[in-house]
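The values are calculated or read from the model by the stated rules, or taken from the named source; none is laboratory data. All values reported here derive from a predicted model rather than from experimental measurement. Cβ atoms come from the backbone with ideal geometry, glycine included; neighbour counts cover every protein chain shown.
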Amino acid sequence: MEKLTITRIGEPKKVDFIDKRTGHPKSFMKVGFLTSEHGGERWFDFTFDENHSLKVGETYEFEIIPREYNGKTYYTAKFPKKNGGSGSEVLHEINVLKTTLGKHSFILEALYDHLLQGQKLREKKEAEDDALFAKHDAERGW
C-alpha cells in the first residue's frame, strides 16, 4: 500500500474489450494521474465503472501494481480491498448464506410434503365419511 497525493488527473477514456470467459463485449473507464510523491514523472492508471472520485490535492491509499509492456514499466493504482485484500471473508459469508438457504429450502420442502400428506389424509377421511353417510342414508331410505 502506498499513500499518494494527486497533482494532476488526465482525461477519462473508455476501454472496450471482449470478455474471454463469456465472449460478450464489456467496457470500463480509465484515467491517468500524477502524484507529488513521484515528482510528476510517473503516471498511474486508475480504472472505474462510471465516475471516479479522485480529486487533485487529495491523498489516497492505493495498491500499486507494476506491469511491463514493450520494455516500459506501467503502474496501475487500485483502492485496497476493505477486508484486507482477500475476498475470503466475503466468500465465506456467501457460502454460509447458501448453506442456510439450502437448509431452509429442505425444511420448507419437508413441511410442504407434510402438509400435502395431511391434506391427502383429510380428503381420504372425508371420502370415507361420505361413503359411510351414503350407506347410512341408503339404510334409512333417504
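The set of residues in the stretch 1-44 that are of a type in the set (D, E, K, R), modelled with pLDDT of 90 or more and within 31 Å of the chain's Cα centre (by Cα) comprises LYS3, GLU11, LYS13, LYS14, ASP16, ASP19, LYS20, ARG21, LYS26, LYS30.
In the stretch 60-81, how many are exposed (fewer than 12 other Cβ atoms within 10 Å of the Cβ) and in contact with a strand residue (DSSP E or B) (Cβ under 9 Å, 6 or more places away or on another chain)?
Keep residues of the stretch 60-81 that are exposed (fewer than 12 other Cβ atoms within 10 Å of the Cβ), which gives 61, 66-73.
Within this subset, residues satisfying the condition of being in contact with a strand residue (DSSP E or B) (Cβ under 9 Å, 6 or more places away or on another chain) are 61, 66-68, 73.
Residues in the stretch 60-81 being exposed (fewer than 12 other Cβ atoms within 10 Å of the Cβ) and in contact with a strand residue (DSSP E or B) (Cβ under 9 Å, 6 or more places away or on another chain): 5 in total.
For the subset of the stretch 82-112 comprising residues that are outside any helix (DSSP H, G or I) and out of contact with any Lys or Arg (no Cβ under 8 Å at 6 or more places or on another chain), which member is modelled with the highest pLDDT?
LYS82
Before we move on, is SER27 outside any strand (DSSP E or B) and loosely packed, with under 13 Cβ neighbours inside 10 Å? Against the criterion (outside any strand (DSSP E or B) and loosely packed, with under 13 Cβ neighbours inside 10 Å), SER27 does not qualify.
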